[in-house]
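Rule-based calculations on the coordinates, nothing more; no lab input. Bear in mind the structure is a predicted one, so any value in this text is a computation, not a measurement. Cβ placement follows ideal geometry from the backbone for every residue including glycine, while neighbour counts extend to all protein chains displayed.
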Amino acid sequence: MRIAYVSLSGRGANDAFLTSVAMQLDAEGLRLAGTVQSNFERSDRDHCDMHIHVLPKGPVFAISQDRGAHAQGCRLDAGALEEAAMAVSGTLHEAQLLIVNKFGKQEAEGRGLTPVIAEAAEMGLAILIGVNGMNLPAFRAFAGAMAVELPPDAMSVLNWCKSNVDEIAA
């Protein structure tokens, strides 16, 4: 099993980075499955709206709930995330690489995209995941010694993805 992860600091940094990587890999002809996230700031809210894009061509799911201007706590729409996970699962058979925008609280608890990650691993796909610092211990417990941390450098990540896809195709 080949799993790599990136962990960039800063709000939305993993999302922007993985979206850029996915766009580059798609442009180079790699067959992708997975998710990338877009965050949309709102002037009337403390938190952004989150949309998850299923690779390679959609659909797009709104995964944040609007709980009011100053709401605290989790705003994730777990149902929408589960729908996205089902959509990704349906594309795995055509893919060379799975990209998961975030190993978050849902994944740490065995939900969200965790079943898709496991399915991709069983299929022998290369897997690239974004992990924030808060969920890094849970991710390491999940992936164990099979995961390698990649530097937050696009060229390093692109090279890892392409070399692991080449191993699968060979």
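Taking the number of Cβ atoms within 10 Å of each Cβ as an exposure proxy, the fewest-first ranking of MET155, MET146 is MET155, MET146. Other residues whose C-beta falls under 12 angstrom from the C-beta of ASN101 contribute a net charge of -1, scoring Lys and Arg +1 and Asp and Glu -1. Charge tally around ALA138: other residues with Cβ under 11 Å, Lys/Arg +1 each, Asp/Glu -1 each, net 0. Compared with the alpha-carbon gap, the fully stretched path from GLU83 to SER38 is longer by 14.5 nm at 0.36 nm per residue. Protection proxy ranking for 134-145, 83-94, 118-129, using the average of other Cβ atoms within 10 Å per residue and placing the highest first: 118-129, 83-94, 134-145. A crude spin-label estimate for the pair GLU149 and ALA118, with each label 7 Å from Cα along the Cβ direction, gives 2.6 nm. Taking the Cβ of MET155 as the center, what net charge do the other residues with Cβ under 15 Å away carry, scoring Lys and Arg +1 and Asp and Glu -1? Spelling it out: positives minus negatives among the neighbours equals -1.
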